[in-house]
Every structure is written in structure tokens, then in C-alpha cells.
């Protein structure tokens, strides 16, 4: 279930990034050939990028796509590396739980104050509304990895990235 939800988030993030690309191309083409840009393009790109980053995080954590530095632990016994990986997953889970809470408060504040972007007045709570569930899912994935291990996505095996 966590994997399916993480994939849905990643697909949504990919769609947002595709829309950003189209919007940017339209704005550049308009500026060069029509002397007009898409009004508020940088605002829309900023909102969509923030949302996309949040939406990519669950799958990144599930697949252990975060960079690890194993310079000091590369020759350590596997059980030590496993314990450190679980500790890292717990730390990430706690960090994302905090991000979820604070983003939820930020989104509620944006909702209550009717905060919007400067040029277009796009409600800022929309970006928070996408990030909060994704951050929460990332926290749950990290906690699951801490408690139950990394399953099919073993950090020191299949798809982890070592620096």
C-alpha cells in the first residue's frame, strides 16, 4: 500500500513538472516571438515546484534514493550498517513528521489569511495541501523502514546510492 501511494505521489509530481516545462516554454516562446510572457509564470513555477518536491519524497525514501555517506561504515559489519540505516530511517521519519505538522499549520494559516501569490493571487494553501500528505507518507515510510527494515529495497543492495 505504501508503495502504491508513493507511486501516485510521484506520478502527480511528474505531471506537475511536465506542466511547469510547458508553461516555461510557452512563456519563453511568447517573450521571443510575441513580446508577451505568461503572466505570473514564475509564481506558478514556484508553487508547482514546491509541491512536486514534496510529492517526490515518499518514493525517494521508499526506494532509498537519498544519498548516504558510508565512508566510515563501508567496512563495518552488515548488522552495524543495518542498525545505522534503521536509525537514519527513524531520524528521517521524525524530521518528516515535524515537516508535516509545520506544513499543515502553514497551510491552515495561508487558508485563514487568504494568502495568495503577488501577481495572480493564487491561493498559497494549494501547495501546502499537496505537500502535507506527501510529507506524512514519507514519515510513515521512514518509520516502517525503521521498524521492519528495508524489504525489497535494501539500502546496501539493490537501489541505494552511496557517496
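Taken together, the values in this text are just the output of simple stated rules run on the coordinates, not laboratory data. Everything quoted here is computed from the prediction, not taken from an experiment. All Cβ positions, even for glycine, are placed from backbone atoms using ideal geometry, and neighbour counts span all protein chains on display.
Taking label points 7 Å from Cα along the Cα-to-Cβ direction, residue 90 and residue 67 give a separation of 2.6 nm.
When ranked by the protection proxy of mean other Cβ atoms within 10 Å per residue, highest first, what sequence do the peptides 48-54, 104-110 form?
Per-residue mean Cβ counts within 10 Å order the peptides as 48-54, 104-110.
Relative to the dominant Cα principal axis of the chain, helix 125-148 is inclined by about 10°. Multiplying the residue separation of residue 76 and residue 1 by 0.36 nm and subtracting their alpha-carbon distance yields 23.7 nm.
Where does helix 41-62 land angle-wise versus the long Cα axis of the chain, in degrees 0 to 90, nearest 10? Roughly 20 degrees between the two axes. May I ask you to give the average projected area over all directions of the convex hull of the Cα atoms of segment 2-162, in nm² rounded to one decimal? Seen from a random direction, the Cα hull of segment 2-162 projects 11.2 nm² on average.
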